[in-house]
1. Which numbered condition in (1) surrounded by fewer than 18 Cβ atoms within 10 Å (Cβ to Cβ); (2) under 25 Å from Asp212 (Cα atoms); (3) not aliphatic (A, V, I, L, M) is the only one that Gly25 fails?
2. Applying the selection to segment 173-224, what residues are within 16 Å of ligand 1 (Cβ to nearest atom) and acidic (Asp, Glu)?
3. Restricting to segment 121-162, name every residue that is over 15 Å from Ala20 (Cβ atoms), at pLDDT 95 or above and hydrophobic (A, V, I, L, M, F, W, C).
4. Could you tell me whether segment 27-39 includes any residue that is hydrophobic (A, V, I, L, M, F, W, C), closer than 21 Å to Ala124 by Cβ and either part of a helix (DSSP H, G or I) or away from ligand 2 (no atom under 16 Å from the Cβ) (or both)?
5. Checking Ala221 against (1) surrounded by fewer than 12 Cβ atoms within 10 Å (Cβ to Cβ); (2) of a type in the set (A, V, I, L, M, F, W, C); (3) within 16 Å of ligand 2 (Cβ to nearest atom): exactly one of these is not met. Which one?
6. If the Cβ limit is 7 Å and pairs must be 6+ apart or interchain, which residue in segment 1-20 that is farther than 16 Å from Arg93 by Cα pairs with which residue that is of a type outside the set (A, V, I, L, M, F, W, C)?
7. Output the number of residues of segment 16-43 satisfying the condition of being under 27 Å from Asp220 (Cα atoms) and more than 8 Å from ligand 1 (Cβ to nearest atom).
8. Yes or no: segment 242-262 includes at least one residue that is near ligand 1 (Cβ under 7 Å from one of its atoms), on the phi > 0 side of the Ramachandran plot and either surrounded by fewer than 19 Cβ atoms within 10 Å (Cβ to Cβ) or in contact (Cβ under 8 Å) with a residue 40 or more places away in the chain (or both).
Amino acid sequence: MTDLAAFHTLLRGNSPRILAIVGAGLSASSGLPTFRGAGGLWRNYESTSLATPGAFARDPALVWLFYTWRRHMCLQVDPNGGHAALAALAKARGGGFLCLTQNVDSECLPTAELSPPPDLHERAGHPTDTLRHLHGRLFDVKCSRCKKTEYNTDDPLVPALAAASVDVADGENPLLDPSRPVPQITASELPHCSSCGGIQRPGVVWFGENLDSRMLREVDAWIDAKPVDIVLVIGTSSVVYPAAGYAERARTRHTKVVTVNLDPETEAAEPGDLVYVGDAAQLLPALLAPLTTSSSL
Ligand code: BJW
Ligand code: ZN
């Protein structure tokens with residue numbers, strides 16, 4: 001593993017412009033599971049197999065149970081040192097830093113009236129103007145017919161989904177035991193749009209769906225405005241596009257890519273990168289300290 005000094009040397013000189021691409025590994029230390037590898041199974045389903053429009057069309061109740069379980073967990077956890085370090089960097093660097101998070105792990109403190117709704121990044125104090133949620137937010141609920149989207153932190157959203165809103169502290173949730181049947185829930189018991197009556201779905205971006213095109217244009221404009229000096233690739237397997245493309249593009253422009261990942265064999269790292277192997281919640285505060293505490297460089 002590269003030593004911290006190599007990264008700190010990179011930070012010297014003119015204020016570097018920094019782009020961060022964040023994935024589920026950042027929230028792992030907060031207690032939220034990742035998508036792939038250990039923890040990527042829900043019952044006997046791969047999590048990614050439930051994050052598709054096809055899965056929702058086939059079995060909306062199953063997909064809603066999966067998302068209700070994740071919404072419930074989000075309400076139990078706190079941001080970690082990695083979220084805090086990125087938030088501190090954003091405050092220190094303002095427009096010289098942009099954080100693209102693939103994570104949808106919003107929260108539900110009594111801030112429902114805030115727009116946009118805060119997630120673990122924002123709860124850590126990350127200014128929203130330096131943060132883009134590439135794959136949406138867990139507490140946005142979208143009508144699958146008229147697309148009206150509302151922020152709703154009810155847990156569960158409707159009584160029929162209560163089997164997924166069970167605290168782990170209360171013992172093993174029977175829903176997670178694949179040998180037990182999934183509760184039978186009819187379509188009429190699932191959340192419905194208050195405007196048109198259509199069935200609602202999680203307001204996240206599933207495979208095959210387009211990301212917000214305006215947001216992508218804004219990201220491109222930020223990248224193209226001035227050279228980006230450092231791309232941080234944090235806690236992501238870097239297999240999902242377009243997120244994975246930002247680091248690839250940076251490498252072709254000879255921008256330094258710095259990977260932070262628990263897995264020493266991660267696919268996210270390429271030859272020439274600075275690679276930090278470990279928990280992002282621990283590594284980011286140490287890596288970013290010179291930028292977030294004014295006297296350290
Ligand atoms: C730690 C740690 C610790 C653990 N500390 N590290 C170009 C080429 C090929 C395919 C495509 C392409 N462009 C588009 C596609 C199709 C598709 C795609 O990318 N497919 C690939 C899989 C091949 N992309 C799309 O469909 C996207 N839409 C799109 O591009 O529209 C236009 C289009 C469509 C079709 C064709 C072409 C163009 C949409 C992608 C939406 C992804 N959605 C999900 C679900 C979101 C909602 C939800 O959360 O439920 O997003 S899938 C899932 O993967 C989720 C994640 O955000 C995303 C990335 O996962 P992530 O964060 O990397 O998690 P993991 O688990 O994979 O990795 C965790 C990492 O952390 C690991 O490396 C661990 O080691 C590490 N780790 N603990 C540090 N403590
Ligand atoms: Zn509707």
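1. Condition (1) is where Gly25 drops out.
2. To start, the set of residues in segment 173-224 that are within 16 Å of ligand 1 (Cβ to nearest atom) comprises 200-217, 219-220.
Within segment 173-224, Glu209, Asp212, Asp220 meet the criteria.
3. Answer for segment 121-162, where residues must be over 15 Å from Ala20 (Cβ atoms), at pLDDT 95 or above and hydrophobic (A, V, I, L, M, F, W, C): Val141, Cys143, Cys146, Leu157, Val158, Ala160, Leu161, Ala162.
4. Filtering segment 27-39 for residues hydrophobic (A, V, I, L, M, F, W, C) gives 28, 32, 35, 38.
From what is left, the residues that are closer than 21 Å to Ala124 by Cβ are 28, 32.
Then keep just the ones that are either part of a helix (DSSP H, G or I) or away from ligand 2 (no atom under 16 Å from the Cβ) (or both); that gives 28, 32.
Looking through segment 27-39, at least one residue is hydrophobic (A, V, I, L, M, F, W, C), closer than 21 Å to Ala124 by Cβ and either part of a helix (DSSP H, G or I) or away from ligand 2 (no atom under 16 Å from the Cβ) (or both).
5. (3)
6. Met1/Tyr276; Thr2/Tyr276
7. Here the count works out to 7.
8. The answer is no; no qualifying residue exists.
The values are calculated or read from the model by the stated rules, or taken from the named source; none is laboratory data. Predicted model only: the values in this text are computed from it and were never measured. FYI the Cβ positions are ideal-geometry reconstructions off the backbone, even for glycines, and counts take in every protein chain you see.
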